[in-house]
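Data block below; observations after.
The values are calculated or read from the model by the stated rules, or taken from the named source; none is laboratory data. Predicted model, so just to flag it, every value in this text is computed and none were measured. Note that we place each Cβ from the backbone using ideal geometry, even for glycine, and neighbour counts take in every protein chain shown. Just the protein is used for accessible areas: all its heavy atoms, side chains included, with ligands, DNA and RNA removed. Shrake-Rupley method; radii C 1.70, N 1.55, O 1.52, S 1.80 Å.
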Amino acid sequence: MKKLDLRGEVCPFTFVKTKVALEDMDSGEILEVLFDHEPAIRDVPRSVQAEGHEVLSIEKIGEDEWKIVIRKK
């Protein structure tokens with residue numbers, strides 16, 4: 001599992017950096033992404049799903065922090 005910490009980043013950089021990380025991975029690999037920018041919780045899952053990837057979970061892990069787990073297509 002690859003981990004990507006995007007706390008401190010804002011949209012659209014949250015999606016761009018998630019997309020770049022996925023491009024460097026093999027099909028079926030798992031990416032765990034941490035965010036603290038609330039709009040990213042809506043935008044990133046929608047964008048990665050539009051590209052064919054699978055969002056396995058979205059979890060609130062702190063007052064203003066979330067974790068998204070994605071499986072690359």
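Could you please state how large a percent of the accessible area of the chain is carbon and sulfur, counting protein chains only and using a 1.4 Å probe? Mind dumping the intermediate values first?
Values: 2030 of 4240 Å².
Percent of accessible area from carbon and sulfur atoms in the chain: 48.
From helices alone, the chain scores -9500 deg cm²/dmol at 222 nm; the rule is -39500 (n - 2.57) for each run of n ≥ 4 DSSP H residues, then divide by the residue total.
Pairs of Cα atoms in the chain fall into 5 Å distance bins, from 0 up to the last occupied one, in shares of 4, 18, 34, 27, 13, 3, 0 percent.
Could you order 53, 37 by accessible surface area, starting with the largest, using a probe radius of 1.4 Å?
Order by accessible area, largest first: 37, 53.
Name all residues of the range 5-43 having a backbone nitrogen under 14 Å from the label point set 7 Å from the Cα of residue 58 along its Cα→Cβ direction, giving them as ranges. It comes to 15, 33-43, nothing else. Antiparallel beta bridges, as assigned by DSSP with both residues in the chain, represent about 75 percent of the total such bridges.
Residues of the chain: accessible area per residue at 1.4 Å, in Å²? List each step's numbers first, then the result.
Values: 4240 Å² over 73 residues.
Here the residues of the chain average 58 Å² of exposed surface.
Placing +1 on each Lys and Arg Cβ and -1 on each Asp and Glu Cβ, with no other charges, gives the chain a dipole about its Cα centre of roughly 220 debye. Take every pair of alpha-carbon atoms less than 8 Å apart whose residues are at least six positions apart; their mean separation over the length of the range 2-72 yields a relative contact order of 36 percent. Taking 7 Å steps out from each Cα toward its Cβ at residue 42 and residue 5 produces label points 2.8 nm apart.
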